[in-house]
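These notes concern the structure reproduced below.
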Amino acid sequence: MRECRQDEVFPKCRLLYAIVFVFAYLELRWSQRGALLKAPIDTSEKPIVWVLGGPGSGKGTQCEKIIAKYGFTHLSTGDLLRAEVKSGSERAKCLTTIMERGELVPNETVLELLKEAIEARAADSKGFLIDGYPREKSQGIAFENSIAPVTVILYFEASCETLTKRLLGRAASSGRADDNEETIKLRLKTFLDNNDLVLAQYPDKLTRINAEATVDEIFGEVQKILDPVVAAAAAN
Ligand code: AP5
C-alpha cells in the first residue's frame, strides 16, 4: 500500500475545512434571516390589528380615524399594491391586470410587500393597522407564521347594495381603475367567495361592526375595541 505523503494530505484537509466553513456561514446567515422575518415585532407592546370588510365597507375611512387617535402605522395592502404598480418594478408587471379583474394578487407578492413595510417601521411603530389583509384563509396563516400573531380583528359588515352604492359614488373622484360597475361586481364576488373562511379561523379575535351606520357611529364601536387593546399595550 502506498503511504500518504504530508504534502498530499494537507491541501485536501484545507479544502475540506474551507467547504465546511462556507456551509456553516451560509447556515448561520440563513437562520439569522429567518429569525429577523419571524419576530420583527413584540405584539404585547405593538398590537397588530387586521381591518377587514368588503370593498367599500369603510376600511380606509376608519383607518384614518384610528391613526388620528392612536397613532398606529397604517398598511393597506391595496395602497401597497397600487404603489408597486406605479413604481414599474419587475413584480408589478402582472398586478394591474389582476386588480382590474377584481381578483386577488398572489399571496407571496402581498406578503412580501407587507413584510418589507412592517420591518421598515417596526422600530418606531406604536402598533400596526393591516388594512385589507388577509383576504384568503391561507394569507392569515402565512402572516401569523412568518410575521406575528394578530391581536384583534375589526370586521366591517355591510350589504352588497351599500358597498356598490358607495364605490360607485366614489368612482367619480377616486381615479381608481377598479372603481367601475363591472370590476366592482367582480371584487364583490371575490370577497364573498373567501370571506366566511377567513373569518371562521378567528372566532376569539374577531369583532363584527355594523358598517351601515355613520362614520362616527362606526368609530364609536371601533374605540370600544381598541381602547382596552391600547391600554394593555401601554402597560407592558
Ligand atoms: P383595496 O384597495 O384594499 O380595495 P377594497 O378592499 O376593494 O376596498 P376599498 O379601498 O375600495 O374600500 P374601503 O373598505 O377602504 O372603503 P373606503 O373607506 O375607501 O384592494 C384593491 C385590490 O387590490 C383588490 O381588489 C385586489 O385585487 C388587491 N388586493 C388588496 N389586498 C389584497 C390581498 N390581501 N391579497 C390579494 N390581493 C389584494 O370607503 C369607500 C367609500 O365609502 C368612500 O367614498 C367613503 O367616503 C364612503 N364611506 C365610508 N364609510 C362610510 C359610511 N359609514 N357611510 C357612508 N359612506 C361611507
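State the percentage of accessible surface on the chain attributable to carbon and sulfur atoms; use a 1.4 Å probe and exclude ligands, DNA and RNA.
In the chain, the share of accessible area belonging to carbon and sulfur is 57 percent.
Given 0.36 nm per residue, what is the gain on full extension from residue 197 to residue 180 after removing their alpha carbon distance, in nm?
Here the segment from residue 197 to residue 180 would lengthen by 3.4 nm.
Taking only Cα atoms, what is the 0 to 90° angle, nearest 10, from helix 107-121's long axis to the longest principal axis of the chain?
The two axes meet at around 90 degrees.
As a test of the formula, what do you get for the chain when each DSSP H run with n ≥ 4 contributes -39,500 (n - 2.57) and the sum is divided by the residue count, at 222 nm and rounded to the nearest 500 deg cm²/dmol?
The helix contribution divided over the chain gives -20000 deg cm²/dmol.
Can you tell me which aspartates and glutamates have their Cα less than 12 Å from the Cα of residue 46? Leave out same-chain residues fewer than eight positions away.
124
Taking 25 Å as the cut-off for C-alpha to C-alpha distance, list the pairs among 126/189; 59/115; 59/185 that go past it.
126/189
Quick check: the distance between the Cα centres of the stretch 59-98 and the stretch 148-218, to the nearest angstrom?
Comparing the Cα centres of the stretch 59-98 and the stretch 148-218, I get a distance of 15 Å.
In whole percent, what relative contact order does the chain give with Cα contacts below 8 Å and a gap of six or more residues?
31
With a 1.4 Å probe and every protein chain left in place, work out the accessible area per residue of the chain in Å², rounded to a whole number.
Result: 58 Å² per residue.
Report the charge-dipole magnitude of the stretch 146-198 in Debye, nearest 20, computed about the Cα centre from +1 at each Lys and Arg Cβ and -1 at each Asp and Glu Cβ.
160
Lys and Arg at +1, Asp and Glu at -1: add these up for the other residues within a Cβ distance under 12 Å of residue 227 and post the number.
Summing Lys/Arg as +1 and Asp/Glu as -1 gives +1.
So for 84, 45, 161, what's the accessible-area order with a 1.4 Å probe, most first?
The ranking, largest first, comes out as 161, 45, 84.
With charges set only on the Cβ (+1 for Lys and Arg, -1 for Asp and Glu), what does the dipole of the chain come to about its Cα centre, in debye to the nearest 20?
Taking the Cα centre of the chain as origin, the dipole is about 480 debye.
Please find the FRET efficiency linking residue 101 to residue 234, where r is the Cβ-Cβ separation and R0 is fixed at 45 Å, and quote it to the nearest 0.05.
E(calc), rounded to 0.05, equals 0.55.
So which aspartates and glutamates pass the test for residue 205, namely a Cα distance under 14 Å, with those fewer than 8 places away in the same chain ruled out?
Qualifying aspartates and glutamates at Cα under 14 Å: 144.
The values are calculated or read from the model by the stated rules, or taken from the named source; none is laboratory data. Just so it is clear, the structure is predicted and the values come from calculations on it, not from any experiment. Cβ coordinates were reconstructed from backbone atoms using ideal geometry, including for glycine residues, and neighbour counts include every protein chain displayed. All accessible areas refer to the heavy atoms of the entire protein, side chains included, with ligands and DNA or RNA removed. Shrake-Rupley method; radii C 1.70, N 1.55, O 1.52, S 1.80 Å.
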